[in-house]
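A short write-up of the structure that comes next.
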Amino acid sequence: MKYLIANWKMNSVDLDVWEREFINFVSSQNNFPNSDELKLIVCLNLYDYYFFSEKIKSSKNAIFNNISLFAQDVSQHDEGAFTGQISSKFLRKAGVEGSIIGHSELRDNGDTENIVFEKGLKLNEQALSNIFCIGEGLEILENNKKKSFLLNQLQTFCKNNVSPDLLAYEPIWAIGTGKEADSENIASAVSVILDFFEEKKIDCPILYGGSVSKSNIEEIISIPGIDGCLVGNSSLDGEQFAIIASKIKS
Ligand code: PGA
């Protein structure tokens, strides 16, 4: 099974257009991967969630119909005076399947390793899935501290029954820059993650994120140990996202 995740972030996406373009492309293909071969996830804001989940439920296109919807963040708190935050309880009630946690844009906004762990704990309590993001910044890469940095992120998160359901390796310097990480860089991160998973007996797909597009998806997905991708910019257009999906074979 492979995975392709769209992260729409705080961009406005015309849901009708996205759906139409996605389905048009899928319908024009003879062997678009089916839902046993490729799991498609869209991470969106809760306002769009309400409308998009209705579209998915009522669609007659089997591929579109099987798209899973996730949130982009969850609060580490249960309830109370936390203006603007959304609890895991609320996500479950709304029908969302899980959430991204630890995205670098949220880490930049104050999420520490410990807060990311607490968010993982809250999702666990509601039986929701997490997409746990890790990845080093440029300075860490250039100072050869990538391995210890990634290990620290993994160690802080994987405790007290919390572990990733999907792990996305997203080097910060590759996010939104149009410059994806090269195969060597991705492979070295995969090897650190796989060694850690083996030691802790964790079975979890590993995804890559950072400037994934229709022109580099085939190369990235062919890297041993990579089970899918998390896509930001190129997921905002339904056709582009469908083209990327069509190039992923299990
Ligand atoms: P990008 O974003 O594909 O636009 O680089 C990826 C992400 O932030 O998850």
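The values are calculated or read from the model by the stated rules, or taken from the named source; none is laboratory data. Here the structure is a predicted model, which is why all the values come from computation and not from measurement. Don't worry about glycine lacking a Cβ; one is built from the backbone with ideal geometry, like all the others, and counts go over all protein chains shown. The accessibility values were calculated without ligands, DNA or RNA, using every heavy atom of the protein model including side chains. Shrake-Rupley method; radii C 1.70, N 1.55, O 1.52, S 1.80 Å.
Quick one: would you say ASP111 is in contact with an Asp or Glu (Cβ under 9 Å, 6 or more places away or on another chain), among the acidic types (Asp, Glu), under 20 Å from GLY209 (Cα atoms) and open to solvent by 10 Å² or more (accessible area, probe 1.4 Å)? Against the criterion (in contact with an Asp or Glu (Cβ under 9 Å, 6 or more places away or on another chain), among the acidic types (Asp, Glu), under 20 Å from GLY209 (Cα atoms) and open to solvent by 10 Å² or more (accessible area, probe 1.4 Å)), ASP111 qualifies. Each residue in the stretch 185-209 was checked for being within 16 Å of the chain's Cα centre (by Cα) and either loosely packed, with under 15 Cβ neighbours inside 10 Å or under 13 Å from LEU4 (Cα atoms) (or both), and 5 of them qualify. In the stretch 87-108, the residues that are over 17 Å from LEU121 (Cα atoms) and more than 11 Å from the ligand (Cβ to nearest atom) form no Cβ pair under 7 Å with any partner that is open to solvent by 50 Å² or more (accessible area, probe 1.4 Å) and not charged (D, E, K, R), whether six or more places apart or across chains. Of everything in the stretch 109-137 that's in contact with a helix residue (DSSP H, G or I) (Cβ under 8 Å, 6 or more places away or on another chain) and among the small types (Gly, Ala, Ser), which residue is nearest to the ligand (Cβ to nearest atom)? Here the residue is GLY135. Of VAL162, VAL231, all but one fail to be aliphatic (A, V, I, L, M), away from the ligand (no atom under 16 Å from the Cβ) and touching a residue at least 40 places away in the same chain (Cβ under 8 Å); the exception is VAL162.
Screening LYS145, LYS247, LYS179 for residues that are open to solvent by 50 Å² or more (accessible area, probe 1.4 Å), at pLDDT 95 or above and within 16 Å of the ligand (Cβ to nearest atom) leaves exactly one candidate, LYS247.
Give the residue that is farthest from the chain's Cα centre (by Cα), with candidates limited to residues of the stretch 85-102 that are open to solvent by less than 10 Å² (accessible area, probe 1.4 Å) and not hydroxyl-bearing (Ser, Thr, Tyr). Before you say what the answer is, go through the steps one by one.
First, pick out the residues of the stretch 85-102 that are open to solvent by less than 10 Å² (accessible area, probe 1.4 Å): 88, 91, 96, 98-102.
Next, only the ones that are not hydroxyl-bearing (Ser, Thr, Tyr) stay: 91, 96, 98, 100-102.
Numbers: LEU91: 17, VAL96: 14, GLY98: 10, ILE100: 6, ILE101: 9, GLY102: 10 Å.
The selected residue is LEU91.
For the stretch 65-84, filtered to residues that are aliphatic (A, V, I, L, M) and open to solvent by less than 70 Å² (accessible area, probe 1.4 Å), the residue that is nearest to the ligand (Cβ to nearest atom) is ALA71. For the stretch 165-176, give me each residue that is in contact (Cβ under 8 Å) with a residue 40 or more places away in the chain and either away from the ligand (no atom under 16 Å from the Cβ) or part of a loop (DSSP other than H, G, I, E, B) (or both). Those that are in contact (Cβ under 8 Å) with a residue 40 or more places away in the chain and either away from the ligand (no atom under 16 Å from the Cβ) or part of a loop (DSSP other than H, G, I, E, B) (or both): ASP165, GLU170, ILE175, GLY176. Give all pairs with beta carbons closer than 7 Å in which a residue from the stretch 1-29 that is assigned to a helix (DSSP H, G or I) and open to solvent by 40 Å² or more (accessible area, probe 1.4 Å) meets a residue that is within 14 Å of the ligand (Cβ to nearest atom) and acidic (Asp, Glu); count only pairs at least 6 apart in sequence or on separate chains. Final answer for the pair search is GLU21/ASP237.
Here VAL212 fulfils each of the conditions (1) of a type outside the set (Ser, Thr, Tyr); (2) open to solvent by 20 Å² or more (accessible area, probe 1.4 Å); (3) in a loop (DSSP other than H, G, I, E, B) apart from (2).
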